[in-house]
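Have a look at the structure below, then the notes.
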Amino acid sequence: MRPAEAERIARDLYGLAVTISALPGERDCNFRLRTADAPGAAAREFVLKIQGVATDADSTDCLVSVLDHLAEQDPALPVPRLFPTQQGEAVGRFSSDGVDYATCLVSFLPGRLLAALPPSTVLLQNLGATLARVDRALRGFFHPSLTRRLAWDVRHLPELAQFSRYIESAPLRDTVDRVSNAFRACLPRLRGLRSQAIHGDCHAANLLVDVDGQSICGILDFGDMIHAPLIFEPAVAMSELLTEAVAPLDSVAAVLRGYAQGQALQTDEVELLFDIVTARHAVTLLVHAWRRDHDPRGARVLDQAAVQSGRSLDRLLNSDREALIRTWHEAAGTIPAAQTSLAVPAGSHPAAAHPAAARAVDLGRRRRLMGAGAELFYEKPLHLVRGAGVWLYDAQGRAYLDVYNNVPHVGHSHPTVVAAIQRQTAILATHTRYLHGSILEYAEQLTARLPPHLDTCIFVNSGSEANDVAWRMAQMTTGHHGGLVMEHAYHGITEAVAALTPGVGRPRDLRVVTIAPPPRHLRVGDEMGSAELNAAVRDADGAITRLAERGFEPAAFFVDSSLTSSGIFDPPAGWAAAVAARVRAAGGLIVADEVQYGLGRSGSHFWGFERRGLDPDIVTMGKPVGNGYPMGVVIANRALIEAFQATYGFFSTFGGNAVAAAAGLAVLAVLDREQLMANAVATGGYLRGQLESVAARHQCLGEVRGAGLLLGLDILGRDASAAKLRNKWIVNALASEFRILTGYEGPEASILKLRPPMPFHREHADLLVQAIDAAAAALDAGAA
């Protein structure tokens, strides 16, 4: 197909006036299209794919189906998007010289081919993580063409082995025969592995890298998709990196590490990885040998890969196979049962841990060294040794779904954050009394996401310290010393902010009074009636009056924007606006505590105070901003902060150190790149709907509270004490029986608290809902 004819097709079928250039393609004709620059608009680019209907009708239909599926399941995936014809058809049709053709028009993805640059470990981990994300989105997808016979499917290696006679080198021929014979014995085990639709062809010419060389920004060519064992996805990528000489053998484990953090792997899958990778090498050599004899032009495409495949296969077979497999197990977070003294239950995802970390912990020793009052979660305390994504792993290798911890905001051990911390720690770790650019870059990126008047940062080490500074700042600015907080609020552990954390709902400090939570029936989109608004105003005025009776005026109203410890409320903006207006009229400031709800957890807004309709004077942040690396931030107007600095000469030794800045920047980058705020909307809405369906079936379950990825579920009983006991029973049952970690919340501890890391997806929500359904059924049957 000539470019001139493709140009005509683009015009006739898609109404596009374009310049055109040919792109490579193994079975179909591909063309890059570019529209002319228009006044006020940039040029647009597409890829036009043209296939013969007689030979590729099924694959064309599969391409359309899979792109539609991916766009539905994960709209932010870096894969091509499909554009219809002028008549609204997904597939265009035309005839030329008596031959019928089908066309697809997809988006052109910018970026550099992975083949063009040596990848870093960070990029390889990101590659693995991106493949895991693709495979998560592909769950449930099927098309009949995925079962077609494809030469590159390593399961057909025993049939391809007959072509080894075309391999000219006798030693290489013997090697390929040896690999083929060994792989034949693996086939029964392969058939027992979990399988689904996979891309199946992620090599360096199908992957695009962003300008920084740190992330995969495009995955091309879904033409070789198959239904196959899931482990084939990372295995093919690892093998292709080796056969194309893009990455050395000792670095490809990074692909597996990234993949496992987004898609937990199983021991038996990793045990077969060496055989799959070597088999893929053998397939490359056999396909090349056959083409040299039957299709010399097609063979030339594989000439270099064949040379490198022979060398790489030799290195693989002469390496310490067991040591290599151990390395891959460590990267994947799996431990074969034979390598541990503790049995690993079937279906678990064992953790690779340092032997010292895996040793049993003596509770008596812990009490002696940490004190008997050191808090532990769950009736059967957990000994956790590793985390990845939304999963935590214990010393026995059992996986626990984390639906509680908001500190690892973008996921436990996220490779981007880990790499940023490692890289900066190896260079410099010092404080802000020296000049350093990264903390300024972080401050700029953070304040750019806030209202214009919130333009200056003070860096500390935790949310408690941030609230401590904000409390001092509010008192200094206003000259007042009274505080208003929500009933049962929690704002930290320093002596100053302990006053803002009332025990059993009542402040111990005379300077602090509480405001009642909004009516529980109100939702964020509701219109507040005059009676409800008047009630909010009366409550705020009553609190201010109580302060005045004690001789204090309000310095600040502190509000956790998710209203979590008060009971997980999600009122309309009118409620918070009414309270804030009364506080401001009395001379107080508004402090938004974003430790719980900041960084997009609500899904609807990046900051919780935006969802509440508040315009705060000070914003505080803590644990999640560094994904667990100690960091807290206070943000306010520059004049206010400079006045505070002039008065107190405030400085924090570790606050804003270069490593913390690197962690904070990495968290923001991951939030944007992985579209985690959009995921909070999609998964949070889905989870809420599923929980409401389950609650309707069980007497012990009540209202679902909250929004995004911070939800609560009321547990009901004959009275408050019974509800609390039932909730504690559920929390412990979910942990011990279902390996799902949750917590309890609210004044009576009767709310099941669900606050997972942000990469929490529908498949995780389904696991949670199934477990809650089963636990509730046991409660209804009288278990507690």
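Things worth noting here:
- For the range 464-611: rounded, prolate or oblate by the Cα gyration tensor [a/c cutoff 1.5]: oblate
- Averaging Cα coordinates gives a centre for the range 389-409 and one for the range 722-784; these two points are 15 Å apart.
- Distance cut-off 23 Å, percentage of C-alpha pairs in the range 625-784 lying past it: 51
- Kirkwood-based Rg to Rh ratio, the range 257-299, C-alpha trace: 1.26
- Rounded to the nearest 0.05, the FRET efficiency derived from the C-beta distance between residue 304 and residue 429 at R0 = 45 Å is 0.55.
- Acute angle (nearest 10 degrees) that the helix 720-738 long axis makes with the longest principal axis of the chain, alpha-carbon atoms: 20
- Using a probe of 1.4 Å, the accessible surface attributed to residue 62 totals some 10 Å² when neighbouring protein chains are kept in position.
- Low-density loop cleavage sites - trypsin sites (Lys or Arg not before Pro) in the range 242-314, where at most 14 other Cβ are within 10 Å (DSSP): none
- Average accessible surface for the chain: 42 Å² per residue, computed with a 1.4 Å probe over protein heavy atoms with every protein chain in place.
- Answer label for P(r) over Cα pairs in 10 Å bins from 0, in percent (calculated), chosen among [x] 2, 11, 16, 19, 17, 12, 9, 7, 5, 2, 0, 0; [y] 2, 12, 20, 22, 19, 13, 8, 3, 1, 0; [z] 2, 10, 14, 14, 14, 12, 9, 7, 5, 4, 3, 3, 2, 1, 0, 0, 0: [y]
- Restricting the range 623-712 to trypsin sites (Lys or Arg not before Pro) in coil, as DSSP defines it, with at most 12 other Cβ within 10 Å: 697
- Overall form of the range 604-653 per C-alpha gyration tensor (a/c, 1.5; a/b vs b/c): oblate
- Relative contact order of the range 79-158, defined on C-alpha pairs under 8 angstrom at six or more residues apart (%): 19
- Proximal charge balance of residue 678 [Cβ under 11 Å; K/R count +1, D/E count -1]: -3
- Evaluated over the chain, the count of Lys pairs having alpha-carbon atoms less than 28 Å apart is 9 (only pairs 8 or more residues apart or interchain).
- Relative contact order of the range 622-738, pairs being alpha-carbon contacts under 8 Å that are 6 or more residues apart, as %: 15
- Tilt relative to the chain, helix 273-294 - C-alpha long axis, 0 to 90 degrees, to 10: 30
- Solvent exposure, largest accessible area first (probe 1.4 Å, DNA, RNA and ligands not counted), of 49, 724, 753: 724, 49, 753
- Rounded accessible area of residue 142 (nearest 10 Å², 1.4 Å probe): 120
- Taking 7 Å steps out from each Cα toward its Cβ at residue 737 and residue 637 produces label points 5.6 nm apart.
- Among the trypsin sites (Lys or Arg not before Pro) in the range 172-223, those located in a DSSP loop and surrounded by at most 14 other Cβ atoms within 10 Å of their own Cβ are 194.
- Against the main long axis of the alpha-carbon atoms of the chain, helix 3-14 sits at an angle near 50°.
- Rg/Rh for the range 162-221 stands at 1.16; both radii use Cα atoms, and Rh follows the Kirkwood definition.
- Reported value for the range 190-279: 106 Å³ per residue, from the convex hull of its C-alpha atoms.
- Packing rank of 463-470, 415-422, where each peptide gets the mean count of other beta carbons within 10 Å, highest leading: 463-470, 415-422
- Antiparallel %, DSSP beta bridges [both residues in the chain], to 5: 80
- Mean separation of Cα contacts under 8 Å (6+ apart) over length of the chain, as relative contact order %: 10
- Residue 444 accessible area, assembled protein chains, probe 1.4 Å, Å²: 130
- At q = 0.18, 0.21 Å⁻¹ the log10 of I(q)/I(0) for the range 230-341 amounts to -0.86, -1.07, computed by Debye summation with a single uniform scatterer per C-alpha, solvent ignored.
- Reported to the nearest whole Å, the Cα centre-to-centre distance from the range 1-21 to the range 624-689 is 49.
- Gain upon complete extension [residue 191, residue 17; 0.36 nm per residue less C-alpha separation]: 57.7 nm
- Relative to one another, the C-alpha centroids of the range 48-116 and the range 598-620 are positioned 40 Å apart.
- Cα gyration tensor category, rounded, prolate or oblate, for the range 123-248 with a/c compared to 1.5: oblate
- Sequence of 462, 566, 169 from largest to smallest accessible area, 1.4 Å probe: 169, 462, 566
- For the range 528-601, the fraction of alpha-carbon pairs in successive 5 Å shells from zero, as %: 3, 15, 22, 24, 19, 11, 4, 1
The values are calculated or read from the model by the stated rules, or taken from the named source; none is laboratory data. Predicted model only: the values in this text are computed from it and were never measured. Counting neighbours? That spans all protein chains shown, and the Cβs are built from the backbone with ideal geometry, glycine included. We work out accessible area using only protein heavy atoms, side chains counted, and drop any ligands, DNA or RNA first. Shrake-Rupley method; radii C 1.70, N 1.55, O 1.52, S 1.80 Å.
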